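What follows is a short report on a single structure.
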Amino acid sequence: MSNISAKERRLRLVAEDPVFRKIIRIEQEFSGRIYLVGGALRDVFLNQRPQEKREWDFAVGGDSLALARLTADALGGVFVLLDVQTATARVVLRYGRTRYELDFCRLRASSLRADLKKRDFTINTLAIEVKALGEGSLKVTDFFGAREDIRRKRVRAVSRSAFKDDPLRILRGEAFCARFKFSFDSQTEQLIQRDAGLLKRVAPERVTEELAKVFSVPRAYPYVAHMDRLGVVKVLFPETVVLRGFQQGGFHHLPVWEHSLETLKCLEGLIPGVRRKMSLARAAKLEAYLQESLAFRRSRLWILKLSCLLHDIGKPLCQSRDENGHYHFYSHEKAGAEISATIGKRLRLSQKETETLKKMVFYHLRPGQLVNQPPSRRARFRFIRQTGENAPALMLLALADRKAMQGPLSRSRNFIFRQDDLISLLSGYFSLGKKKTRPLLTGNELMRLLGVPPGPEIGWLLREIEEARALRRVKDRSQAEQLARRLHLRKTSEASV
Ligand code: CTP
């Protein structure tokens, strides 16, 4: 079957959709013209598989809010007023097993052409009249060469003011490029360079939403690097400006910022290989872990990738030089964690995202320290207890960080980093049973047993017993009691010295 007919088939699928049929009937009671525009048509021409959720945008020549209400009433949907000024409303409904989000927006200008001219990218300017589609016409209006741009995999701004009108479109464009493996045309790139500074005006929530889309594709690096080249990254993350060209010690072949970008590239390159080294079941667990939503369907993977960019952000603050002229960056992970938390707040990340980002930066050196030598069971246990659910992401970050370090010292014999140990540790993490076991002794039982009041000693004893149990040094309650007595005695005698 030819390409054209595949598109026609997709378009017919839209026309024959039961909800679309109903909209056609509603239109008969409505005086203005209604056009299907935007992403739904773009996706037809991109040969994208129809999504689970139907998201249709309608440009309405008439009272769009009244039409949205009419549709909500007729289909039993929920009416949500999105913006009074542009008369935009959404109707949300479920039909069978499919969820629909229907956006109705008044034409933004006196004609359809002028409305489309005000939109972001040519690939989003296809339109078809709902009535015509209902009557079997498949003639799509294409004023701005959208089909040609889709064919050439090109994201092109509709007008020179596209980003001035809404600077968020810069990130939307980058997200389209990442999602469809498209590229900007050179004139659009020039407009981005000209207008990137305007992104400061955009609500941070909107920025974060689009940024997370860019980072969420399996290979985001080329797009992040592209945003960097066009000056977008330094507007969103001014803290990174000082990292550019900032030289580091002999382990590194790149300055701090260039190394941070390289770390992202290495992370994305190594994940498939790490998965291949794991059993299928564990690889599936790793994938589920990385895709776990930390907020608004934004994944842990996006925060892991962000931490690749920010893990060394504290270095300039912590630079020192010893008598041999060697640079050191003591405690840069602590300084970096604080800066990352500030960035997280500024981007309005959720609390969980910010906390995760902060911990990723704070602990990013820990896995490397762990595998300087074959890690003992105790060291592994302590690492996982300390870093909790962030442990696997930290191991991936450490692997990527290491791969992005190719200075002369990183190849020296004294620099030991057991990559395979880290991968087997990661694999081991996903074989740990998630079953919660009851503690051998509770805090109350410990207080009764030893006659000590509540306080830090009880917390410490509980952790020691938990660790000894994980290392199979104590197996039952009576052994746990013996250990508690021993530790308590040691502590009291140390205190009395
Ligand atoms: N649009 C725009 N500028 C924006 C946001 C949206 O011009 N900042 C226009 C585009 O023409 C877009 C349409 O409004 O096609 C609908 O926007 P939206 O639903 O956010 O995106 P889609 O293009 O439908 O893409 P997606 O698949 O991501 O929903």
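Brief remarks follow.
- Single residue of Asp115, Asp142, Asp149, Asp165 found to be crowded, with 17+ Cβ neighbours inside 10 Å and near the ligand (Cβ under 10 Å from one of its atoms): Asp115
- Test for Thr342: is it farther than 30 Å from Ser431 by Cβ, in the same structural domain as Glu262 (by TED's automatic domain parsing) and at pLDDT 95 or above: yes
- Each residue in the range 101-112 was checked for being surrounded by fewer than 19 Cβ atoms within 10 Å (Cβ to Cβ) and in contact with a helix residue (DSSP H, G or I) (Cβ under 7 Å, 6 or more places away or on another chain), and 2 pass.
- Filter pass, Gly245 being outside any helix (DSSP H, G or I), of a type in the set (Gly, Ala, Ser) and touching a residue at least 60 places away in the same chain (Cβ under 8 Å): no
- Conditions (1) touching a Ser or Thr at 6+ places or on another chain (Cβ under 8 Å); (2) within 15 Å of the ligand (Cβ to nearest atom): number failed by Arg42: (1)
- Matching option when the condition is in a strand (DSSP E or B), without any contact (Cβ under 8 Å) to a residue 60 or more places away in the chain, in contact with a strand residue (DSSP E or B) (Cβ under 9 Å, 6 or more places away or on another chain) and charged (D, E, K, R), among Arg108, Arg94, Arg69: Arg94
- Residue in the range 371-380 that is surrounded by fewer than 19 Cβ atoms within 10 Å (Cβ to Cβ), of a type in the set (A, V, I, L, M, F, W, C) and part of a helix (DSSP H, G or I) present: yes
- Inside the range 119-130, residues that are within 10 Å of the ligand (Cβ to nearest atom) and out of contact with any helix residue (DSSP H, G or I) (no Cβ under 7 Å at 6 or more places or on another chain) make up a count of 1.
- Across the range 152-162, the number of residues qualifying as surrounded by 21 or more Cβ atoms within 10 Å (Cβ to Cβ) and of a type outside the set (A, V, I, L, M) comes to 1.
- Hits in the range 285-295 (condition: in contact with a helix residue (DSSP H, G or I) (Cβ under 9 Å, 6 or more places away or on another chain) and more than 17 Å from Leu394 (Cβ to Cβ)): Glu287, Gln291, Ser293, Ala295
- All positions within the range 131-172 that are among the small types (Gly, Ala, Ser), under 24 Å from Leu36 (Cβ atoms) and either in contact with a helix residue (DSSP H, G or I) (Cβ under 7 Å, 6 or more places away or on another chain) or assigned to a loop (DSSP other than H, G, I, E, B) (or both): Gly134, Gly136, Ser137, Gly145, Ala146, Ala157, Ser159, Ala162
- Filter result for Glu323 (among the acidic types (Asp, Glu) and assigned to a helix (DSSP H, G or I)): no
- Per-region count, the range 40-64, residues assigned to a helix (DSSP H, G or I) and either over 24 Å from Thr141 (Cβ atoms) or of a type in the set (D, E, K, R) (or both): 2
The values are calculated or read from the model by the stated rules, or taken from the named source; none is laboratory data. Because the structure is predicted, anything quoted here is derived from the model rather than measured. When we count neighbours, we look across all protein chains shown, and the Cβ atoms used for this are built from the backbone with ideal geometry, even at glycine.
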